[in-house]
Amino acid sequence: MLVLGAVSAALAAGCFFYAGPGHALVRGHLGDVAATMLLYAALGLIWRARLVWRAAGAAAIALALELHQLLEAAAPTRSVAGELVLGSFFDGWDLVAYAIGLGLAVLWERYSRRRLTSTSHTSSAATAAGRGSSGSGSQLTGRWLPCGPARTTRCRRRAQPVQRAGVTER
């Protein structure tokens with residue numbers, strides 16, 4: 001989540017300071033994509049819920065902000081901070097940008113989770129087979145191992161010490 005937050009914050013800052021051709025498109029819509037990704041990452045850091053619930057929460061916040069823009073169309077926001085957080089006016093295309101940003105954030109998390117679990121399973125299997133990175137055949141024990149399929153890695157149990165030639169390694 002930290003990497004997603006950093007990437008989306010950098011993208012949002014780039015959109016904010018962009019002054020080239022297509023300024024309105026970049027700042028308006030690409031900025032909304034980045035803001036939604038940043039919102040999802042922030043929710044992921046403070047709310048340890050399932051991916052679906054975090055995505056629904058981020059979508060609800062984004063929709064509430066857009067609804068606020070629709071209802072407050074007669075009283076525009078006058079400060080830069082207010083415009084950054086609440087936006088300036090309702091635009092239906094913002095909803096599309098929110099959906100794209102949320103989709104990219106969810107895909108980012110799923111990909112990073114899959115990469116993390118496949119890496120940890122590969123290194124655990126190599127270590128258990130005696131092919132650790134040290135090359136000496138020593139086994140790493142006492143690691144937290146997933147119990148169940150790779151998709152349900154919330155449950156973790158302590159690895160048991162390994163017996164080797166009458167010596168217990170810890």
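The values are calculated or read from the model by the stated rules, or taken from the named source; none is laboratory data. None of these values were measured; they are calculated from a predicted model. We place every Cβ from the backbone using ideal geometry, glycine too, and count neighbours over all the protein chains shown. To get the accessible areas, we keep the full protein, side chains included, count just its heavy atoms, and leave off ligands, DNA and RNA. Shrake-Rupley method; radii C 1.70, N 1.55, O 1.52, S 1.80 Å.
Of note:
- Yes/no for G44 being small (G, A, S), surrounded by 13 or more Cβ atoms within 10 Å (Cβ to Cβ), on the phi < 0 side of the Ramachandran plot and at pLDDT below 90: no
- In region 13-25, the residues that are assigned to a loop (DSSP other than H, G, I, E, B) form Cβ pairs under 9 Å with partners that are of a type in the set (G, A, S) and open to solvent by less than 40 Å² (accessible area, probe 1.4 Å), at six or more places apart or across chains, as follows: Y18/G31.
- Hits in region 40-55 - residues which are of a type in the set (A, V, I, L, M) and free of Cβ contacts under 8 Å to residues at least 24 places away in the same chain: L43, I46, A49, V52
- Count of residues meeting criterion [assigned to a helix (DSSP H, G or I) and open to solvent by 30 Å² or more (accessible area, probe 1.4 Å)] in region 1-11: 7
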